[in-house]
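S.K.: Please read through the structure below; I'll follow up with questions.
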Amino acid sequence: MKIKQIGFVNTPIYDNDEGMYPPLGLLSIASYIKNVKQLSVNIYDVAIVISIGKIEPVDIYNDLTNSICKNGEQVVGITCQNYSLAAALCIAKAIKKRNPNIWVFLGGVGTHGISEQLLQIFDYIDFIVYGEGECVVGELIDAIENSMFEDIKGVYYRTIDGDIRYNGNQNLIADLNELPMPDFSLLDALPDYFSLIGGNRRALNVELARGCSGGCAFCGSFSFWSGRHRYFDISKVFDQITQLIEDYQISHVYLSDDNFMTNKIMVKNVCNEFISRELKVTWDSRGRVDDMNPDLLELMHKAGCTEILIGIESADDQVLKKMNKKIVSAQQIQAVENVMNAGILPILSLILGYEDETEDGINKTFSLLLELYRKEKPMVSYFHILSIVPGTHLYNREVKHLMDENIDDILENLRYAKKSIPSEEKELIKQFPEIFCTFYHLPTNIDYKVLKCISDFSTEIFKVFCFTLSLIEKTGGNIVRLFSELAYSGVKEVDKSVEQFANVIYQNYHDNMWVRNMLLHEMIINRLAKSKEGTHIKMKYDVDILALKEACKSPNIGNEINRKVIYNYQKQEEKITLYEKIKLTDR
């Protein structure tokens, strides 16, 4: 059987606040097959067409299958993340139902650690491609043509007798620079990504490196890439960036590298390349806490770096140890300060619901965030509830302890373009918890509903109420308990969560003069930020608000701030001006 036509499917992505980038891995494999194997390839980018509303969620499988059959695809490869595995399986089933003669394989991190189980349970999958895909997919096509699978590596397959066999891992590609440059023209809807990436910038992602040497217990990247961290040639990467600027007029680049700052020489080379080529783009990447070197960060900023994602995860040292993060909480403040001081936006990623995490541990993480927000420099923080990922040390330890009492609520909140996901996906996820463990959670010392509330609303709440929460913390308050009250208030929208959280604070601390006055001040600032130009507010306080803010930044707060003051607020040129109007004496 001669293979001439192969299709690749990018599975849909649930609605999120992080935007969406083109599928680099799938694009690289498709480009390899097109250029090296000289086959005709099509990419079916379901993720983008459903996100922009071109396909209704209920029509995904039928529309996609129609296109695949119309184009005469002989082999179809479906890539999936952990969260999109259910969609990948539903797509595979629909293809096989329409045309059983089409060979269907799955690949990507979503199959990692559970490949054999997938073939055992789902007979409509022919193969699972394990690990790095370019060469393996090329060899799989040869094996299909020759009906000879005995020697193929990196592929799970069935023998004639129905037994599942795996002949071992394929070696990682010795020289990544032998791969052809990803052909972005294969993505028909590429311009549509610009509206989903976030902000007003035209951004695309470029692969700088593969793999991670970190070894975090919860992350699948380490085992998926065999603990290796490999780079593409810098010159080739920048040729690609230059081409993307010319072809698509991009203004921002995401450098795909799980540990960008680990190799200091590479970081300097990247920065110098941006500077020497005089590329008119900004860029971002990600890095570890213990790699936030001030000199490197200064160079990165000079080269156009605007933001960096940092895996803080937790400020509880016991949790960090269980995660195998190889850092301690004492390193975190200085690392983020270094980023701020360099003029780069730190984006902090944090995890909730880890093994044996306690209320006290979460409050320690809150304390870290408040100390950073009090510096009043740009920063963003996101909490995510722990995802159990197959193929990780955490999965091996805890897969038998998954909790399912919240699964209906979790699935009900999943959306494609603000619409419910297909019922077929929900049924799969509920039927096979150990395969779809990403949607489940571990037993925790804190109510899951509270963790969900923190995950949903803390980004905005910490930004709005930084100094109010700092005063509560300094007077021995328990911030997790406040989120617990918010969780049971029934609030579901971010804007309303801010108002409701203010009510929760007031109900608990209206007798505390400092907290009461700071709460009023921060609510006014939040209101003005959303108001029209020229809005003016006058407010009388029992304390000197600006002095109280400064006092929050020091270990102790003195009584000298306790004087009645009237302040005027005005919004001018998108900035809020605050000035003291009258000092009042107590009578």
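S.K.: Would you mind telling me the antiparallel percentage of the DSSP bridges in the stretch 5-166, rounded to 5? Don't skip to the end; give the middle numbers.
M.R.: On the way: 5 of 23 bridges.
Counting DSSP beta bridges with both partners in the stretch 5-166, the antiparallel share is about 20 percent.
S.K.: May I pose another question? Please report, for the Cα atoms of the stretch 5-166, the Rg to one decimal and the Dmax as a whole number; what are they, in angstrom?
M.R.: 14.9, 47
S.K.: Report, to one decimal in Å, the Kirkwood hydrodynamic radius for the stretch 255-357 based on all distinct Cα pairs.
M.R.: On the way: mean 1/r = 0.0703 Å⁻¹.
Hydrodynamic radius (Kirkwood, Cα pairs) of the stretch 255-357 is 14.2 Å.
S.K.: Right, something else. Out of residues 5 or more away from V76 or on other chains, whose amide H comes under 5 Å of its own, with H placed 1.01 Å from N in the peptide plane?
M.R.: G7, W103, V104, F105
S.K.: Ratio of alpha-carbon Rg to the 2.2 N^0.38 Å globular estimate for the stretch 353-420, to two decimals, please.
M.R.: Taking N as the residue count of the stretch 353-420, the ratio is 1.50.
S.K.: Starting with the highest mean, order 84-96, 488-500, 121-133, 287-299 by the number of other Cβ atoms within 10 Å, averaged over the residues of each peptide. Don't jump to the answer; show the numbers that get you there.
M.R.: Working: 84-96: 24.3, 488-500: 14.1, 121-133: 20.8, 287-299: 18.9.
My ranking of the peptides, most packed first, is 84-96, 121-133, 287-299, 488-500.
S.K.: Right, here's the next one. Quick one: Cα centre-to-centre distance for the stretch 384-398 and the stretch 559-573, in angstrom?
M.R.: A separation of 49 Å, based on Cα centres.
S.K.: Please compute one quarter of the surface area of the Cα convex hull for the stretch 197-399 and express it in square nanometres.
M.R.: On the way: hull surface 46.0 nm².
Value for the stretch 197-399: 11.5 nm².
S.K.: Sketch the reach of a paramagnetic label on A529 as a point 7 Å from Cα along Cα-to-Cβ, and name the residues of the stretch 380-410 whose backbone nitrogen lies under 18 Å away.
M.R.: Residues 380-383 qualify, since their backbone N sits under 18 Å from the label point.
S.K.: DSSP beta bridges in the stretch 197-399, what fraction antiparallel, as a percent rounded to 5?
M.R.: Values: 2 of 27 bridges.
That works out to approximately 5 percent antiparallel.
S.K.: If amide hydrogens are placed 1.01 Å from N in the peptide plane, which non-local residues have theirs closer than 5 Å to the one on R286?
M.R.: When sequence neighbours closer than 5 places are left aside, the close amide H contacts are D257, F260, L309.
S.K.: Turning to a different aspect of this structure: For D356, enumerate residues with amide H under 5 Å from its amide H, sequence gap 5+ or separate chain, H modeled in the peptide plane.
M.R.: Long-range HN contacts for D356: none found.
S.K.: Roughly what % antiparallel, to the nearest 5, for the DSSP beta bridges in the chain? Write out the running numbers ahead of the final one.
M.R.: Values: 24 of 67 bridges.
Of all bridge pairs located within the chain, approximately 35 percent are antiparallel.
S.K.: Could I ask something else about it? If packing is taken as the average count of other Cβ atoms within 10 Å, what order do 339-348, 407-416 fall into, highest mean first? Please list the in-between numbers first.
M.R.: Details: 339-348: 19.6, 407-416: 15.4.
So the order, starting with the most tightly packed, is 339-348, 407-416.
S.K.: If packing is taken as the average number of other Cβ atoms within 10 Å across a peptide's residues, how do 430-439, 460-469 rank, most packed first? Could you put the intermediate results ahead of the total?
M.R.: Working: 430-439: 18.5, 460-469: 22.4.
Going by the mean number of other Cβ atoms within 10 Å, highest first, we get 460-469, 430-439.
S.K.: While we're looking at this one, here's another question. The stretch 514-550: which GluC sites (Glu not before Pro) are DSSP loop and have at most 13 other beta-carbon atoms within 10 angstrom?
M.R.: Numbers: sites: E522, E533, E550; in loops: E533.
Of the GluC sites (Glu not before Pro), the ones in loops of the stretch 514-550 whose Cβ has at most 13 other Cβ atoms within 10 Å are E533.
S.K.: Further, regarding this structure: Can you give me the C-alpha center-to-center distance between the stretch 240-318 and the stretch 51-115, rounded to a whole angstrom?
M.R.: A separation of 34 Å, based on Cα centres.
S.K.: Under the rule of -39500 (n - 2.57) per DSSP H run of 4 or more residues, summed and divided by the residues of the chain, what mean residue ellipticity at 222 nm is obtained, to the nearest 500 deg cm²/dmol? Walk me through the numbers before you get to the answer.
M.R.: Values: 23 runs with 238 residues, N = 587.
Result for the chain: -12000 deg cm²/dmol, rounded to the nearest 500.
S.K.: Sequence neighbours fewer than 8 away in the same chain don't count; with that in mind, list the lysines whose C-alpha is under 23 Å from K322.
M.R.: Partners found: K364, K400, K452.
S.K.: Could I ask something else about it? For the stretch 5-166, what does the relative contact order come out to in percent, with C-alpha contacts under 8 Å and a separation of six or more? Working shown, then result.
M.R.: Values: 250 pairs, mean separation 34.0, N = 162.
For the stretch 5-166, the relative contact order is 21 percent.
S.K.: Right, here's the next one. Which semi-axis lengths, in whole Å and largest first, follow from the square roots of five times the eigenvalues of the Cα gyration tensor of the stretch 455-583?
M.R.: Output for the stretch 455-583: semi-axes of 24, 20, 11 Å.
S.K.: Share of Cα-Cα pairs in the stretch 534-577 beyond 15 Å, in percent? Present the calculation step by step, with values, prior to reporting the outcome.
M.R.: Values: 490 of 946 pairs.
Here the long-distance tail beyond 15 Å is 52 percent of all Cα pairs in the stretch 534-577.
S.K.: While we're on this one: Find the eigenvalues of the gyration tensor of the Cα atoms of the stretch 402-528, then list the square roots of 5 times those eigenvalues as equivalent ellipsoid semi-axes, largest first, in whole angstrom. Spell out each step's value before the answer.
M.R.: Details: eigenvalues 242, 54, 19 Å².
Taking √(5λ) for each Cα gyration eigenvalue gives 35, 16, 10 Å.
S.K.: Explain nothing, just the number: relative contact order of the stretch 455-583, from Cα pairs under 8 Å at least 6 residues apart, as a whole percent.
M.R.: Numbers: 151 pairs, mean separation 27.4, N = 129.
Answer for the stretch 455-583 is 21 percent.
S.K.: Tell me the angle of helix 513-529 to the major Cα principal axis of the chain, expressed in degrees between 0 and 90 and rounded to the nearest ten.
M.R.: 60 degrees
S.K.: So what's the angle, to the nearest 10 degrees on a 0 to 90 scale, between helix 359-373 and the longest Cα principal axis of the chain?
M.R.: The angle comes out near 70 degrees.
S.K.: In the stretch 1-63, if every C-alpha pair distance is counted and binned at 5 Å from zero, what percent goes to each bin?
M.R.: Reading upward from the zero bin: 4, 15, 25, 19, 16, 12, 7, 2, 0, 0.
S.K.: Rounded to whole Hz and in sequence order, give me ³J(HN,Hα) for the stretch 317-322 from the Karplus expression 6.51 cos²θ - 1.76 cosθ + 1.60, θ = phi - 60°, writing x for Gly and Pro.
M.R.: Karplus-based 3J(HN,Hα) across the stretch 317-322 equals 4, 5, 5, 4, 5, 5 Hz.
S.K.: Return the sequence-ordered ³J(HN,Hα) values of the stretch 231-241 in whole Hz as given by the Karplus equation 6.51 cos²θ - 1.76 cosθ + 1.60 applied to θ = phi - 60°, using x for Gly and Pro.
M.R.: 10, 7, 5, 4, 4, 5, 4, 6, 5, 5, 4
S.K.: When the Kirkwood radius is taken over all Cα pairs of the chain, what Stokes-Einstein diffusion coefficient follows at 37 °C and 0.692 mPa s, in µm²/s? Can you show the working numbers first?
M.R.: Working: Rh = 26.2 Å.
Answer from the Stokes-Einstein relation: 125 µm²/s.
S.K.: Let me ask something else about it. Using only Cα atoms, tell me the angle between helix 134-146 and the longest principal axis of the chain; keep it within 0 to 90° and round to the nearest 10.
M.R.: 30 degrees
S.K.: Right, something else. Over 31 Å between Cα atoms: which of K34/K96; K54/K532; K321/K492 fall into that group?
M.R.: Details: K34/K96 24 Å; K54/K532 35 Å; K321/K492 34 Å.
Result: K54/K532; K321/K492 exceed 31 Å.
S.K.: Could I ask something else about it? Applying the Karplus parametrisation 6.51 cos²θ - 1.76 cosθ + 1.60 with θ = phi - 60° to the phi angles of the stretch 548-561, what ³J(HN,Hα) value in whole Hz is obtained for each residue in order, glycine and proline being reported as x?
M.R.: Using θ = phi - 60°, the values come out as 5, 4, 5, 5, 4, 7, 10, x, 10, 10, x, 7, 5, 7 Hz.
Each value in this text was obtained by applying a stated rule to the coordinates, not by laboratory testing. Predicted model, so just to flag it, every value in this text is computed and none were measured. Neighbour counts are summed over all protein chains in view; Cβ atoms, including those assigned to glycine, are modelled from backbone coordinates with ideal geometry.
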